Amino acid sequence: MLRALLQRGPALALLVGLMGLAVPARAFTTIRLALQWVPQAQFAGYYVAFEKGFYLRRGLDVFIIRGGPNREPVRALLAGEADVGTFFLSAALLYRDRGVPLVHLGQIVGRSHQVLLAWRDRGVDGIDDLNGRKVTLWGDDFRGGYLALFEDGAVTPKLIPQYDSITLFRRGLVDACAAMSYNELHRLLLSGVDAEELTVIDLAEKGYSFPEDGLYALAPFAETHPEACGDFVEATLEGWRYAAENVDEALDIVMAYARRAHVPTNRVHQRWMLERILPSILAEPGVLSREAYERTARTLERVGLIARPLPFSLFRGGERP
């Protein structure tokens, strides 16, 4: 509705004034944002920035495209259906190595939340106990830290594709699985699994803390829209700061998006997710350090996921002069 009203010429100034929005004099720039997964608190800052008008105030007409199975941001970018996407740093490096001209606009989640879950009653108390065990992992986009953990621990588990759920682990058909500490781990606990039943191996605690969600665009878009890309990152970070200061309102917004997308979730789980992801966003908002980049890139190269890391200076784009 807002987008339609904003295109009606003379009514724009009055409408924006009534809404308390300060719109720049330049024309609006459309940005279509493709997210990695279905609506959840992992993306609260984007939803808040949209609903509170933070994008509009910077002259950005934003469309949010939800992700999910077979709805990866890289596909949307390459098909011309999106302008900006969210990616883990490891995924962006992988696609860049495969010839996709992704450039980094701004970092949102600055540390890893990846964990390995194992059944304690199977005798798995640590990484050494996984040799020869059945372990499910996500695809190459998300497995770099796990492969490094296994290699450095000199263990060789039997790797099985995990795809989009931890069902095999939940049913006891495998010994361990990949998970996010803010998502799958909590869903297991909500389903009735006691924490004492699980061994949780935190990749960050083991030294594999790779930055996760960042904002990326294809090089042509970043190069032709540097100011809009910078404004988009700033508005997004404003959304995250607002979410941190207004958690209940942010959860209202997240739950509304989840209901519209028919996502089976609840407020308790989304609060858990939001409260655990916020500290990794607000510590160094927007910043991807050279050290974190090079550490991640070297690890992916070492485990054979990429052939040659791109220099840090060439990886960034869309920044203000």
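Read-outs throughout are calculated quantities, based only on the coordinates presented, and are distinct from any laboratory measurement. As the structure is a computational prediction, the values presented were derived from the model and not from experiment. Here Cβ is always computed from backbone atoms with ideal geometry, including for glycine, and neighbour counts include all displayed protein chains.
A Cβ-based charge dipole, computed about the Cα centre of the stretch 174-321 with Lys and Arg at +1 and Asp and Glu at -1, lands at about 380 debye. Annotation for the stretch 171-217: trypsin sites (Lys or Arg not before Pro) lying in DSSP loop with at most 11 further Cβ atoms inside 10 Å of their Cβ are Arg171.
Taking the fewest neighbouring Cβ atoms within 10 Å as the starting point, the ordered list for Asp61, Asp231, Asp248, Asp213 is Asp248, Asp61, Asp231, Asp213.
The protection proxy used here, the mean number of other Cβ atoms lying within 10 Å of each residue, ranks peptides 114-121, 267-274 as follows, highest first: 114-121, 267-274. Looking at the square roots a ≥ b ≥ c of the eigenvalues of the Cα gyration tensor of the stretch 167-321, which shape do they give, rounded for a/c under 1.5, prolate if a/b is larger than b/c, or oblate? Cα axes put the stretch 167-321 in the oblate bin. By the rule of a C-alpha distance below 14 Å, with chain neighbours fewer than 8 residues away ignored, the aspartates and glutamates paired with Lys158 are Asp128, Asp129, Asp175.
Of the DSSP H helices in the chain, not one has a Cα length along its own long axis of 24 Å or more together with a mean Kyte-Doolittle hydropathy reaching 1.0.
Magnitude of the charge dipole for the stretch 260-321, about its Cα centre and with charges confined to Cβ atoms of Lys, Arg (+1) and Asp, Glu (-1), is about 180 debye.
Assuming charge only on the beta carbon of Lys and Arg (+1) and of Asp and Glu (-1), the dipole of the chain about its Cα centre is about 800 debye to the nearest 20. Taking other residues whose beta carbon is less than 14 angstrom from the beta carbon of Glu151, and scoring Lys, Arg as +1 and Asp, Glu as -1, yields +1. What the phi angles of the stretch 214-222 give under the Karplus curve with 6.51, -1.76 and 1.60, with θ = phi - 60°, is a coupling list of x, 9, 9, 9, 5, 3, x, 5, 4 Hz, glycine and proline written as x. Taking amide H atoms as placed 1.01 Å from N in the peptide plane, the amide H of Arg32 lies under 5 Å from those of Phe63, Asp83, Val84, each 5 or more residues away in sequence or on another chain.
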